[in-house]
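Enquirer: This is the structure I want to talk about, given as structure tokens.
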Amino acid sequence: MKQEPGMAYWIFSNKQDGTYAGNVWDMAKIRDSGRYSIRESEKNRKRVNIGDTVYMRIYGRSIIGKFVVGSEWEKAPKEEQKWKNVLGYFQMTEIEWWSRTLPQVLILNDLSVKDFRSRITAMTKEDSIMVEVAHRVYARLGFGEADDNIMILEKGLEEAIKPNLGQLGLRLAGKGIQQQFRMGLGVGQSDLVCQDENDDLVVIEIKKGMTSDQALGQLMRYVGWLQENVAVKGQKVNGWIVAGDYDEQLRLAAKAANVRLVLVRLG
């Protein structure tokens with residue numbers, strides 16, 4: 001793949017925050033340090049130069065931001081060498097962490113680069129422009145931000161969310177009404193019923209992919225039923241929607257109904 005002299009573009013790929021237990025290879029550490037750790041033996045590592053633009057990607061998921069390479073690859077100190085392969089890093093400048101990351105699936109078929117397995121992958125200038133345009137459209141046209149983000153690594157969403165509830169200040173409600181709780185005739189079956197730090201009830205509706213405002217009516221039925229049949233005096237019942245993504249109609253409707261949106265990141 002040909003690159004313009006002095007103006008190369010790359011995709012650096014890594015796994016999600018926390019995968020490597022906080023060491024220099026971990027994405028969370030990269031965020032904190034401003035140094036992108038790369039093995040000396042990594043394919044294409046020698047082709048990366050100061051001033052090149054790098055898009056940061058989480059394997060199989062999304063592009064999360066970009067930076068400009070601020071130094072030649074530097075060998076890491078001895079105390080950071082924890083693997084057989086020699087580890088080093090590029091200094092990162094002009095760093096942008098995107099608040100709304102770009103799902104890989106939206107651009108995968110349109111890029112000239114088809115290698116999404118290598119740690120370092122070359123892009124064309126046209127690929128870079130396409131990523132930038134796609135990110136702006138996805139972030140600005142018709143999509144507001146969710147209230148929270150929660151990272152899910154396992155395949156089964158309901159079972160995966162349960163051990164991650166603490167990130168959102170929740171715990172399972174107990175008393176036989178936790179998961180797949182059947183309500184009255186014609187009401188339906190909720191995904192999860194939890195309690196928050198104030199002991200108020202929170203009913204969660206889980207949607208794997210794109211979610212519209214149709215989900216809101218379903219959720220509000222659950223909220224109403226719990227208010228009448230489960231909640232004790234003074235106990236509030238709140239509704240949350242946990243979704244892989246959502247449209248603008250849902251965001252606006254949820255805001256008006258005081259329903260909380262949680263954007264789930266699938267690993």
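Every number in this text was worked out from the coordinates using simple rules, so none of it is lab data. As the structure is a computational prediction, the values presented were derived from the model and not from experiment. Reconstructed Cβ throughout: ideal geometry from the backbone, glycine too, with neighbour counts over all protein chains shown.
Enquirer: Would you list Arg117, Arg35 from fewest to most Cβ contacts within 10 Å?
Expert: Arg117, Arg35
Enquirer: Let me ask something additional. Of Val242, Val237, how do they rank once you tally other Cβ atoms within 10 Å and put the fewest first?
Expert: Fewest-to-most Cβ neighbours within 10 Å comes out as Val237, Val242.
Enquirer: Right, another one. Each label point is 7 Å from the Cα along the Cα-to-Cβ direction; what then is the distance between the points at Leu106 and Val86, in nm?
Expert: The two pseudo-label positions are separated by 4.0 nm.
Enquirer: Pull out a ≥ b ≥ c, the square roots of the eigenvalues of the alpha-carbon gyration tensor of segment 62-129, then state rounded if a/c is under 1.5, prolate if not and a/b is larger than b/c, and oblate in the remaining case.
Expert: Here segment 62-129 falls in the prolate category.
Enquirer: With 29 Å as the limit, write out which pairs from Lys208/Lys236; Lys29/Lys207; Lys15/Lys114; Lys207/Lys233; Lys82/Lys207 have Cα-Cα distances beyond it, or answer none.
Expert: Violating the 29 Å limit, Cα to Cα: Lys29/Lys207; Lys207/Lys233; Lys82/Lys207.
Enquirer: Just check segment 9-140 against the gyration tensor rule for me: Cα atoms, a ≥ b ≥ c as the square roots of the eigenvalues, rounded for a/c under 1.5, and otherwise prolate or oblate depending on whether a/b exceeds b/c.
Expert: It is prolate, given that a/c is not under 1.5 and a/b is the larger ratio.
Enquirer: I'd like the distance separating the alpha-carbon centroids of segment 59-122 and segment 198-229, in whole Å.
Expert: A separation of 38 Å, based on Cα centres.
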